1. Counting only residues that are of a type in the set (Lys, Arg) and within 21 Å of CYS137 (Cβ to Cβ), which one in the range 22-47 is nearest to the chain's Cα centre (by Cα)?
2. When the range 203-240 is examined, which residues are found to be of a type in the set (D, E, K, R) and either in a loop (DSSP other than H, G, I, E, B) or farther than 24 Å from GLY170 by Cβ (or both)?
3. For the range 131-142, which residues satisfy the criterion of being in a helix (DSSP H, G or I) and among the β-branched types (Val, Ile, Thr)?
4. Does GLU186 qualify as being over 15 Å from LEU105 (Cβ atoms), among the acidic types (Asp, Glu) and more than 19 Å from the chain's Cα centre (by Cα)?
5. Please go through the range 128-151 and pick out each residue that is touching a residue at least 40 places away in the same chain (Cβ under 8 Å), over 16 Å from ALA173 (Cα atoms) and not aliphatic (A, V, I, L, M).
6. Filter the range 230-255 down to the residues that are surrounded by fewer than 20 Cβ atoms within 10 Å (Cβ to Cβ) and within 18 Å of the chain's Cα centre (by Cα) and list them by number.
7. What is the one condition in (1) under 19 Å from ALA92 (Cα atoms); (2) surrounded by 16 or more Cβ atoms within 10 Å (Cβ to Cβ) that ALA227 does not satisfy?
Amino acid sequence: MSISSEEAPLTPRQRTILDELERRGFISTTDLAQTFSVSDMTVRRDTRQLSQRGLVRVVHGGVSAVDGAGQNADFAARVREDADGKQRVARACVSLIGERDAIILDAGTTTYQIAQELPALFAGTIITHSAPAIQRCLQLTSARTICLGGELLLDSQAFNGDMTVAAVAGLRAKTAFIGVSGIHDEGFYIERDVERATKLALMNSAEQVVVVATRQKMLRYALARLAAFEAVDVLVTDAPPPREIEAALRAASVNVIVAR
């Protein structure tokens, strides 16, 4: 009986890829092709097989470790929840970003995925208080990164509080990508009121506010109301919103992008 590709032993090249990812966190397809003197197609086949086993994550321009540096176990577990939907949303968001745009990345696993999907040659500015996003920015050597300090919330892996609000007050970005915990026909919701001031400060520092949320957040309340629909310009999600939410978004002139 033949051995399936999932059961087959790793090739020496695939083992080397895993070893390098453990040290570096991310490697571009181009770098791997040059390292092994093989084609990009060969590299993509290797990384796709590793991804199917759950050993790596294939992202825009390369491959990253499953549990990247800078993530605790709780955050890493949430990254894997609805991973396909988050990736589709993130890729749709990246299509909205110009090569040299200044962007704000909020805390959260969906916004972190945006950082993962940014092309290796992105030459804009990233403003963020998310520790995992900052780790990803270490690999984006063409970009400028501005880190917002404050008190570190371990579960959200992000800096928060008065110092964070003060740090962002003097900055201006083209687009802020904001994560939420729930969306109902009355607005956007988050799990903790303690994060509300920071999120609102990020929103106020951008010309355009984009909320990112997978379908799991629809028709869901959370503890604290973040903002009304009128405070947001775009919602990027992975499925058409329920009828009542869609009607409320339309009335508030929110553009809805459904990622496929």
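1. Restricting to residues being of a type in the set (Lys, Arg) and within 21 Å of CYS137 (Cβ to Cβ), the top hit is ARG24.
2. Scanning the range 203-240 gives ARG215, LYS217, ARG220, ARG225, GLU230, ASP233, ASP238.
3. ILE134
4. Working: over 15 Å from LEU105 (Cβ atoms): yes; among the acidic types (Asp, Glu): yes; more than 19 Å from the chain's Cα centre (by Cα): yes.
In short, yes.
5. Across the range 128-151, the qualifying residues are PRO132, GLN135, ARG136, GLN139, GLY150.
6. Passing the criteria: VAL234, ALA239.
7. For ALA227, the exception is condition (1).
For every residue, the table says whether it meets (1) closer than 29 Å to PHE26 by Cα; (2) touching a strand residue (DSSP E or B) at 6+ places or on another chain (Cβ under 7 Å).
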site	(1), (2)
ILE126	yes, yes
ALA133	yes, yes
ILE146	yes, yes
ALA158	yes, yes
THR175	yes, yes
ASP185	no, no
ASP193	no, yes
MET218	no, yes
GLU230	no, no
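The values are calculated or read from the model by the stated rules, or taken from the named source; none is laboratory data. These numbers were taken from a predicted model, which means no experiment stands behind them. Glycine gets a Cβ as well: all are built from the backbone with ideal geometry, and neighbour counts include every protein chain shown.
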